[in-house]
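Student: The structure that follows is given in the form of structure tokens.
The values are calculated or read from the model by the stated rules, or taken from the named source; none is laboratory data. Fair warning: this is a prediction, and the values are worked out from it, not measured in the lab. As a convention, Cβ positions derive from the backbone with ideal geometry for all residues, glycine included, and neighbour counts pool all protein chains shown. Note: areas computed on protein heavy atoms with side chains; ligands, DNA, RNA excluded. Shrake-Rupley method; radii C 1.70, N 1.55, O 1.52, S 1.80 Å.
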Amino acid sequence: MKLSLVVPCYNEEQNVALFYQTAKAVFDAEGYSYECVFVNDGSADNTLGELKRLHAEADGNIRIVSFSRNFGKEAAMYAGIEHAKGELICLIDADLQQRPEVVAYMVKRLDEVPELDCVAAYQQQRHESGTLTFFKSSFYKLINSVSDTRFVQGASDFRTFRRSVAEAVLSMGEYHRFSKGILSWVGFNTEYIPYEVQERAAGESKWSFKKLFKYAIDGIIAFSTAPLAIPTAMGIIMAVISFLYLGIKGLYCLLSPTAFFSQGSVLIFLLLLVGGLQLLSIGIIGKYLAKTYEQSKNRPIYIAREIIEPKNDD
Ligand code: UDP
Ligand code: MG
């Protein structure tokens, strides 16, 4: 099997058949074997019924994984990759916003360049409001400044990669998944190609601003422990301020014959100092928590792209 299309579907009853027909038209013409792995992510509409009908009618290249409830797109993509049998795996949405023609081009690139492991698409033109664009670009700036993993602005999950990449992605068993980060974390040679997002074929987007915001926070927490260092910084600043206060107040008392060191001043100093020390302690605990958190994700220690054994090894 050359290509597996992994298609997460949540309430896409109007789109799945259209998606399959469009993909069929493109890939039958390409002349290589392919399959569609549809993951029904606990749809409340008749998506599963439509998928079963397609499965009965189509050429035997449809695989369905149906979830017991809605687990989210990340879980759907994981399940799809896990069940895909192709040498190449493509993540693509069911709503035809991402054209199968672009997938055919991605496959061509991977065939042409053996050194390439992944071809990812990034949005060239966005059909969205200025506010959303502002929030999205702020998110990329923020996450790139606090995380060691690189995040390419506008790059979506829409991409095609080799089995080696798929296995690396599956080896990251973390529960709170953030694909943009995972796909970047695993490394490999990736080529970015521009693509234009189409209008949704039918239905509406499942992403509200609130959901996107939550997803962005999840992404930052999954790929950075910088927020846990905030108390340390605040604690140090407060402790420094307390000593500055003590110094300035002391100097003032020395120089001015009328001023004296009141109980109130001592109290302010102690309040700042103790507050600072408390925050610092929380920050230290945060450091250990960060290490435990990293370890609990059970990420692989390394991912080898290839291993070359000695020629005379038997
Ligand atoms: N999706 C999913 N589970 C969810 C939400 C979305 O499997 O909980 C699927 C959805 O059916 C679609 C893809 O993820 O195939 C992208 O969703 P959507 O089109 O709503 O996102 P947008 O294109 O607006 O970013
Ligand atoms: Mg969409």
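Student: State, to one decimal in nm, how far the label point of E82 lies from the label point of K311, with both points 7 Å from Cα in the Cβ direction.
Tutor: Simple spin-label model gives 4.3 nm for this pair.
Student: Mind ranking R63, R53, R299 by accessible surface for me, highest first, 1.4 Å probe?
Tutor: These residues rank, largest area first, as R53, R63, R299.
Student: Of V39, V240, which has the most accessible area and how do the rest follow, probe 1.4 Å?
Tutor: If we order V39, V240 from most to least accessible, we get V240, V39.
Student: With a 1.4 Å probe and all protein chains in place, put L110, L132 in order of accessible area, largest first.
Tutor: L132, L110
Student: I'd like the accessible area for F213, computed on protein heavy atoms only with a 1.4 Å probe and all protein chains in place. Round to 10 Å², please.
Tutor: 120
Student: What lysines could a cross-link reach from K214, if we take a straight Cα to Cα line under 18 Å and drop same-chain neighbours fewer than 8 places away?
Tutor: Answer for K214, where 18 Å is the Cα cut-off: K73, K136, K141, K180, K206, listed by chain and number.
Student: Moving on. Specify the residue with the greatest mean-square fluctuation among Y20, Y175, Y195, computed from a Gaussian network of the chain linking alpha-carbon atoms under 10 Å apart.
Tutor: So, out of Y20, Y175, Y195, the one fluctuating most is Y175.
Student: Related question: What part of the accessible area of the chain, given as a whole %, is carbon or sulfur when the probe is 1.4 angstrom?
Tutor: 60
Student: Another question about this same structure. What do you get when you divide the Cα radius of gyration of region 1-57 by 2.2 N^0.38 Å, with N the number of residues?
Tutor: 1.13
Student: State to the nearest 20 debye the size of the charge dipole of the chain about its Cα centre, where the only charges are +1 on K and R beta carbons and -1 on D and E beta carbons.
Tutor: Its charge dipole is roughly 1440 debye.
Student: Now, a different point. Angle check, please: helix 73-83 long axis (alpha carbons) against the longest principal axis of the chain (alpha carbons), in degrees 0 to 90, nearest 10.
Tutor: That helix lies at roughly 50 degrees to the long axis.
Student: So, one more: Take the Cα radius of gyration of the chain and divide it by 2.2 N^0.38 Å, with N its residue count; two decimals is plenty.
Tutor: Here the answer is 1.36, to two decimals.
Student: Continuing with this model, one more query. Could you give the nm distance between label points at A290 and K206, where each point is 7 Å from its Cα heading toward the beta carbon?
Tutor: Distance between label points: 3.4 nm.
Student: Further question: As I understand it, the value is the acute angle between the Cα axis of helix 230-255 and the longest principal axis of the Cα atoms of the chain; what does it come to in degrees, rounded to 10?
Tutor: Long axis of 230-255 versus the principal axis of the chain: about 20 degrees.
Student: Continuing with this model, one more query. Measure nothing fancy, just the Cα-based angle from helix 209-223's long axis to the longest principal axis of the chain, in degrees from 0 to 90, nearest 10.
Tutor: 70
Student: If you don't mind, another one. Applying 1/(1 + (r/R0)^6) with R0 = 22 Å to the Cβ-Cβ distance of S33 and N189, what FRET efficiency is obtained, to the nearest 0.05?
Tutor: For S33 and N189, the calculated efficiency is 0.35.
Student: While we're looking at this one, here's another question. K206: accessible area at probe 1.4 Å, nearest 10 Å²?
Tutor: Roll a 1.4 Å probe over it and K206 shows about 50 Å².
Student: Still on this structure: Measuring from label point to label point, each 7 Å out along Cα→Cβ, what is the Y302 to E174 span in nm?
Tutor: That separation, rounded to one decimal, is 2.1 nm.
Student: Antiparallel versus total DSSP beta bridges in the chain: what percent is that, nearest 5?
Tutor: Percent antiparallel among DSSP bridges in the chain is about 25.
Student: Ok, one more. For region 15-174, taking Cα atoms only, what is the radius of gyration to one decimal and the Dmax to the nearest whole Å?
Tutor: Looking at region 15-174, its Cα Rg and Dmax stand at 16.9, 50 Å.
Student: Considering the convex hull of the alpha carbon atoms of region 164-221, report its projected area averaged over all viewing directions, in nm², one decimal.
Tutor: 5.8
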